[in-house]
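Values in this text are rule-based calculations from the coordinates and carry no lab data. This one's a predicted model, so the numbers in the text were calculated from it and none came from an experiment. Heads up, the Cβs are rebuilt from the backbone with ideal geometry, glycines too, and the neighbour counts pull from every protein chain shown.
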Amino acid sequence: MSAAENVFDQPIRREKTDVLIIGGALAGLSAAVAARRHGGADVTVLSEGEPGRSGATLYANAYITSCPPDKQDVLYRQILWTGGFLAEPALVERLVQGIEAGNRQLMDWGLPMQKAEATRMPSGMQMELAPGQPKGYLLGQTVAAEARRQGVSVRSPYTAITLLTDRGHGVVGALAVDMQAGEVTAFESGQIILAAGGGAGAFARSDNPPGTVGDGYRLALEAGAELTDMELINFNVPPVGVHNILDRGPGMIADSGGAHYFLGGIGIDAAAHTGVPGLLAAGEVTGGLFGAARLGGSALAECLVFGLQAGETAAAEGKGRHVPGPIFEKALAETAARWKEDGDHGGQTLDSLKRDIQTVAWTKSGYVKNEQTLREAVAVLTQCSAAAERRASSSVAELAATAKLRSMAVTTLTAARAALLRCESRGNFWRSDYPQPDLVQGLFNSIARIKDGELVLEKRRRAHPMPGRSAPIRIGPGCLRYNFSALE
Ligand SMILES: Cc1cc2nc3c(=O)[nH]c(=O)nc-3n(C[C@H](O)[C@H](O)[C@H](O)COP(=O)(O)OP(=O)(O)OC[C@H]3O[C@@H](n4cnc5c(N)ncnc54)[C@H](O)[C@@H]3O)c2cc1C
């Protein structure tokens with residue numbers, strides 16, 4: 001193919017599946033197992049990285065929250081308090097109710113786990129893998145092996161680049177790049193689960209793998225779903241104390257710390273629906289479960305509980321979501337034409353755009369920010385996003401790289417714009433121009449969606465879930481510690 005050609009001039013391969021899952025780590029593979037078990041549906045997982053050996057799951061320390069029945073109420077309140085009361089109570093309830101069953105599943109699939117030491121976490125509230133075992137690797141491998149045992153079709157390396165939707169029908173499929181065959185493939189499916197992980201890799205400094213740049217956020221937004229709380233990001237920070245950091249402001253951000261975990265993400269209900277018919281989501285790609293901060297071990301619990309839930313929902317609802325062939329073909333033709341049209345081969349290179357996005361996201365919109373740095377970030381990221389949208393691709397590798405760049409731009413831009421709405425500091429979210437929580441005006445969730453082709457952000461007010469509680473709102477770095485006595 002010559003450089004001037006467009007990748008969409010080539011034929012697009014077609015495949016069909018009942019349930020399509022995007023992401024081959026803890027959330028996606030758990031969903032796949034549950035979908036097979038609950039309906040015997042034909043389930044396909046597309047994974048950019050090697051299934052069970054990719055995503056943040058691979059790097060996890062593998063502490064997983066546990067919760068015996070008599071502790072559910074206290075853990076529920078602890079999660080709401082830790083998140084500065086911004087979490088969605090129905091999601092927290094679903095999490096605490098599902099944790100024990102989720103952990104039992106992991107052990108049934110062959111993962112050796114034992115109680116964590118009471119000194120690390122309150123006794124009975126957390127589990128860890130047996131000492132000496134490789135951590136996230138063993139976790140991922142266990143779930144990947146179970147998915148294969150259950151007959152899931154696990155496909156890799158595939159990079160999903162966009163979803164196919166129909167105005168009346170909702171989601172009807174996805175377009176992906178088969179990186180090995182060098183082909184664009186269209187998957188027809190009326191039931192899709194997004195489990196592509198978070199977006200911490202979109203920042204110049206991060207402990208996440210490089211592909212974790214928020215593909216799921218872009219795919220969901222483009223399909224018509226809402227993102228919630230994208231400003232709420234968990235950073236590792238230099239060990240100099242929160243107040244010191246807030247006093248010194250964004251100027252102190254340098255070569256230490258990094259983005260760790262996206263607390264915000266795709267808005268879901270307790271059954272993992274996104275609001276777009278046929279589109280479900282699970283794992284770090286979702287938002288609303290934790291609010292402004294989370295407890296250690298709870299991210300893996302989230303992936304497991306909501307992964308299993310999403311798979312169960314997909315199996316239960318999938319049979320009623322047959323996609324008529326002409327609707328799929330029309331959605332595919334329109335989407336391919338849009339991606340083809342976007343065409344511009346010149347301008348800034350992909351690598352240089354990527355560097356600009358990552359650097360500005362980190363330095364202007366990192367762990368401490370203010371109105372001025374956020375406005376600077378929004379200006380640069382808006383330009384980068386427009387440039388990424390204009391790029392045409394002359395090879396499938398370039399198409400996949402362009403899609404990742406678009407995700408990076410949209411993810412960081414949405415996070416910076418949402419951060420401008422939040423004039424306070426709460427949990428892991430710190431603004432040097434507003435160093436205290438705003439107990440009245442801060443009680444909202446930011447909502448991002450695409451309206452008439454434009455990214456729109458708004459505040460959605462939230463009622464206090466525990467009115468009258470005297471425990472002060474927590475502000476701190478990383479995963480906050482369990483502290484049950486504060487709420488007794
Ligand atoms: C260093 C580190 C330590 C951690 N330790 C803990 C811990 O001890 N306890 C805890 O609870 N949490 C921990 N976390 C957080 C936790 O690991 C993650 O939140 C969790 O693993 C996310 O799982 P996931 O399945 O949602 O996504 P991920 O594990 O990030 O997986 C995403 C999957 O999607 C695939 N993918 C991405 N984009 C595409 C695309 N476009 N097309 C197809 N596939 C795609 C990836 O290849 C990957 O397979 C840690 C995180 C890190 C980085």
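Below, the figures for the structure above:
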{"item": "Efficiency of FRET from Cβ geometry, residue 207 and residue 255, R₀ 22 Å, rounded to 0.05", "result": "0.95"}
{"item": "When the stretch 417-488 is reduced to its Cα atoms, the Kirkwood hydrodynamic radius in Å", "result": "14.2"}
{"item": "Förster radius 51 Å - calculated FRET efficiency between residue 181 and residue 481, Cβ distance, rounded to 0.05", "result": "0.60"}
{"item": "Mean Cβ neighbour count within 10 Å, used as a protection proxy, ranking 323-329, 373-379 highest first", "result": "373-379, 323-329"}
{"item": "Binned Cα-Cα distances of the chain, short to long, each 10 Å bin given as a whole percent", "result": "4, 21, 32, 27, 13, 3, 0"}
{"item": "Peptides 451-457, 54-60, 424-430, 150-156 ordered by average Cβ neighbours within 10 Å, highest first", "result": "424-430, 54-60, 150-156, 451-457"}
{"item": "Separation in nanometres of the label points that stand 7 Å from Cα toward Cβ, at residue 340 and residue 459", "result": "4.6"}
{"item": "Kirkwood Rh and Cα Rg combined as Rg over Rh, evaluated for the stretch 7-91", "result": "1.13"}
{"item": "Kirkwood hydrodynamic radius (C-alpha pairs) into Stokes-Einstein, the stretch 230-341, 20 °C and 1.002 mPa s, D in µm²/s", "result": "123"}
{"item": "Added length on full extension, which subtracts the Cα-Cα distance from 0.36 nm per residue, residue 438 to residue 108", "result": "114.3 nm"}
{"item": "Förster radius 45 Å - calculated FRET efficiency between residue 244 and residue 5 (Cβ-Cβ, nearest 0.05)", "result": "0.25"}
{"item": "Listed residue pairs exceeding 24 Å between alpha carbons, taken from 340/404; 354/451; 330/451", "result": "354/451"}
{"item": "Extension gain from residue 117 to residue 14, taking 0.36 nm per residue of separation minus the Cα-Cα distance", "result": "32.0 nm"}
{"item": "Other-chain or far-sequence residues with amide H under 5 Å of residue 267's (modelled H)", "result": "226, 227, 228, 287"}
{"item": "Unit charges on C-beta of K, R, D, E only; dipole of the stretch 342-461, Debye", "result": "360"}
{"item": "Approximate shape of the stretch 342-461 as ellipsoid semi-axes (Cα gyration tensor, √5λ), whole Å, largest first", "result": "31, 15, 10"}
{"item": "Gain in span if fully extended, residue 452 to residue 149, counting 0.36 nm per residue against the direct Cα distance", "result": "104.6 nm"}
{"item": "The chain: calculated mean residue ellipticity at 222 nm from DSSP helix runs of at least 4, using -39500 (n - 2.57)", "result": "-12000 deg cm²/dmol"}
{"item": "Three semi-axes of the equivalent ellipsoid, the stretch 110-170, Cα gyration tensor, whole Å, largest first", "result": "36, 18, 11"}
{"item": "Partners for residue 319 among aspartates and glutamates (Cα-Cα distance below 19 Å; same-chain residues under 8 apart left out)", "result": "15, 18, 42, 166, 188"}
{"item": "Relative packing of peptides 394-400, 203-209 - highest average C-beta neighbours within 10 Å first", "result": "203-209, 394-400"}
{"item": "Reachable lysines, given that their alpha-carbon falls under 29 Å from the alpha-carbon of residue 115 and they are not under 8 places away in the same chain", "result": "71, 135"}
